[in-house]
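Here's the structure we're looking at; comments come further down.
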Amino acid sequence: MTASFGPLANRRLILKGAGLVALIGLGNAVLHASPAFAATNDNKYPEDAFRQKNAGDAIKALYGRDHEASDKIKLDAPEIAENGGVVPVAVTTTLPNVTSIAFIVAENPSALAASYRIPEGTVPAVANRLKMAKTSNVIALVESGGKLYSATKEVKVTVGGCGG
Amino acid sequence: MASSIRVRAILNGDTAEVQTLIQHPMDTGLVKDAKGELIPAHYIQQLTFTHKDKTVFLADWGTAVSKDPYVKFAFKGAAKGDELKVSWVDNKGATDSLTATIQ
């Protein structure tokens with residue numbers, strides 16, 4: 001029994017040490033770690049990605065990689081949204097091995113609207129309703145086989161949905 | 001109190017089509033009330049669907065999801081009568097959950 005205390009105690013020490021290092025390196029360590037976490041299967045809420053103002057920063061914070069346009073993604077959104085508070089947006093894709101789907105509204109105060117994890121066995125298609133502050137590009141991102149693809153559509157908004 | 005969650009899960013072959021409506025204000029934190037004071041942000045952050053102890057769908061939401069959110073998805077490997085657990089947690093730590101039966 002006593003033998004098993006050794007490694008355990010060591011592990012505690014190492015964990016404590018790691019915590020300290022993270023604290024010391026605060027800003028850098030935490031910020032740079034988040035894209036890597038987003039790519040794994042943990043269920044952590046991507047707080048940092050939702051805080052980003054523009055589309056590029058949000059995508060970087062969520063996925064940590066570039067995206068390319070794909071004609072295998074079908075983004076369904078209205079040409080004109082009369083009520084920016086409720087804009088129906090849906091995406092379907094024929095891309096294989098989809099692990100996540102996300103929606104970006106480029107001109108919103110915070111660009112990232114929603115991100116969905118798609119485990120194996122779940123159909124790579126999502127429909128939801130989003131708020132749009134004003135006329136904007138809506139970007140659907142699809143993570144497939146470790147790569148990131150996108151489809152973009154402009155939605156004209158006549159009455160904004162973010163109030164103010 | 002009635003649940004904030006309404007779910008309809010309908011089987012088509014071995015694929016369950018799931019539609020969900022949740023009652024939630026989804027306040028952005030950018031809107032002012034009648035007195036001109038900002039309404040604090042209040043929104044669902046995560047919505048989880050579990051079938052047979054497996055997460056089949058996980059939504060991460062920001063403030064741009066509409067009030068009383070709606071979401072639709074589908075997953076394979078379901079059978080009639082299976083249970084589907086739906087739960088959410090918002091940015092104030094409030095939660096709600098519901099177990100629906102696949103029809």
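The values are calculated or read from the model by the stated rules, or taken from the named source; none is laboratory data. Computed from a predicted structure; not experimentally measured. Glycine also receives a Cβ, built like all others from the backbone with ideal geometry; neighbour counts cover every protein chain displayed. The accessibility values were calculated without ligands, DNA or RNA, using every heavy atom of the protein model including side chains. Shrake-Rupley method; radii C 1.70, N 1.55, O 1.52, S 1.80 Å.
For the reader, a short list of remarks on this structure follows.
- Listed conditions (1) more than 9 Å from chain A (Cβ to nearest Cβ); (2) open to solvent by 50 Å² or more (accessible area, probe 1.4 Å); (3) closer than 17 Å to A:Val126 by Cβ are all met by B:Lys72, apart from (1).
- B:Thr55 being open to solvent by 40 Å² or more (accessible area, probe 1.4 Å) and in contact (Cβ under 8 Å) with a residue 40 or more places away in the chain: no
- Of all residues in the stretch B:74-100, those that are on the phi > 0 side of the Ramachandran plot have Cβ atoms under 8 Å from Cβ atoms of residues that are open to solvent by 40 Å² or more (accessible area, probe 1.4 Å) and part of a strand (DSSP E or B), 6 or more apart or on another chain, in B:Gly81/B:Thr101.
- Residue match in the stretch B:25-36 (condition: outside any loop (DSSP other than H, G, I, E, B) and either in contact with a Ser or Thr (Cβ under 6 Å, 6 or more places away or on another chain) or on the phi > 0 side of the Ramachandran plot (or both)): no
- All conditions but one from (1) facing chain A (nearest Cβ under 9 Å); (2) surrounded by 15 or more Cβ atoms within 10 Å (Cβ to Cβ) apply to B:Asp27; the one that does not is (1).
- Only residues that are open to solvent by 10 Å² or more (accessible area, probe 1.4 Å) and within 11 Å of chain B (Cβ to nearest Cβ) were counted across the stretch A:76-98, and they come to 6.
- Single condition A:Lys134 does not satisfy, out of (1) surrounded by fewer than 19 Cβ atoms within 10 Å (Cβ to Cβ); (2) within 29 Å of B:Thr15 (Cβ to Cβ): (2)
- Spans of strands (runs of 3 or more DSSP E) in the stretch A:104-161 with at least 1 residues β-branched (Val, Ile, Thr), at the interface with chain B (Cβ under 7 Å from one of its Cβ atoms) and under 16 Å from the mean Cα position of the chain (by Cα): A:125-130
- Selection within the stretch A:16-73 - modelled with pLDDT under 50, closer than 19 Å to A:Leu148 by Cβ and open to solvent by 90 Å² or more (accessible area, probe 1.4 Å): A:His32, A:Phe37
- Of the set (1) more than 9 Å from chain A (Cβ to nearest Cβ); (2) free of Cβ contacts under 8 Å to residues at least 40 places away in the same chain; (3) touching a Lys or Arg at 6+ places or on another chain (Cβ under 8 Å), all apply to B:Leu21 but (2).
- Condition check for B:Lys92: more than 12 Å from chain A (Cβ to nearest Cβ), open to solvent by 30 Å² or more (accessible area, probe 1.4 Å) and either modelled with pLDDT of 95 or more or assigned to a strand (DSSP E or B) (or both): yes
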